[in-house]
Structures are given as C-alpha cells and as structure tokens.
Amino acid sequence: MPTKFLLTPGQTADVTQGEALVEGTQAAVVIADKGYDSAAVVRAVEATGAEAVIPTQKNRKVQRDIDREKYKDRNLVERFWGRVKQYRRVATRYEKTARNFLGFIHLASVMLLLE
C-alpha cells in the first residue's frame, strides 16, 4: 500500500517530484523506475539512510549498479495502480478538480486496504 500521493499535471515529469516523495519517509530501500533517475533524487534517498534501487538511463555515461532482485519488487506498485484503476472515477479522471480526484485516489486506496 502507498504511503504518500502527490498529484501533478499530466505534462509534469515524474522526476520533479522524486525528492518530495522521499522527504520525511523512513525506508530501508527506495525502489523507482528510470523516470526517477537523477543525482538529486539519489542524494535525497541516500540522505534518509535508504538504499536507492533506481536503474540509470541508457544515455548516462556512468551506470549505477542496482540490486536486480530488489528491483523486481517494483511490480507491486504497478499492480497497485492496476487495481486502483478498476475504480471508474480514478481510471477516467472523472473529477474535474485535483482536490476531488486526489480524494478518490485516497478512497480507492482505503477500499483496497480493506479487501
């Protein structure tokens, strides 16, 4: 289950919210996809004392080694979003305001937690 949601406009890159997502969390490992590959995000993760399991993009000169076995757990996030999108209001972005949409994401998360 998720610990934090940040809602952004659709055209905003994921990496811009990476530091804010890590801020204030207490985790041993932070697993993210290549969209969060930036030195600032990796520094923010390591500043919390966690291990950054974020693969580097292919165009980087220096490739970071990651634990491939831990990275396989990223599918839990993908499966969570697949389950949340079964709620029509979330999948179709039925709500016009960001506040209401985020509220329904929270509600859908609670419903999944109660299953």
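The values are calculated or read from the model by the stated rules, or taken from the named source; none is laboratory data. Note that this is a predicted model, so its numbers are computed, not measured. Positions of Cβ are backbone-derived with ideal geometry, glycine not excepted, and every protein chain shown enters the neighbour counts. We work out accessible area using only protein heavy atoms, side chains counted, and drop any ligands, DNA or RNA first. Shrake-Rupley method; radii C 1.70, N 1.55, O 1.52, S 1.80 Å.
Points worth noting:
- Taking the conditions (1) modelled with pLDDT under 90; (2) more than 26 Å from Leu113 (Cα to Cα); (3) open to solvent by 50 Å² or more (accessible area, probe 1.4 Å); (4) among the small types (Gly, Ala, Ser) in turn, Gly35 satisfies each one other than (3).
- Condition check for Lys34: closer than 17 Å to Pro2 by Cα and not β-branched (Val, Ile, Thr): no
- Single match in Val41, Val30, Val45 (criterion: in contact with an Asp or Glu (Cβ under 8 Å, 6 or more places away or on another chain), under 20 Å from Trp81 (Cα atoms) and either open to solvent by less than 80 Å² (accessible area, probe 1.4 Å) or not in a loop (DSSP other than H, G, I, E, B) (or both)): Val30
- Here Asn75 clears all of (1) more than 19 Å from the chain's Cα centre (by Cα); (2) at pLDDT 90 or above except the condition numbered (1).
- Among residues of the range 2-20, those that are assigned to a loop (DSSP other than H, G, I, E, B), closer than 21 Å to Arg43 by Cα and open to solvent by 60 Å² or more (accessible area, probe 1.4 Å), counted: 3
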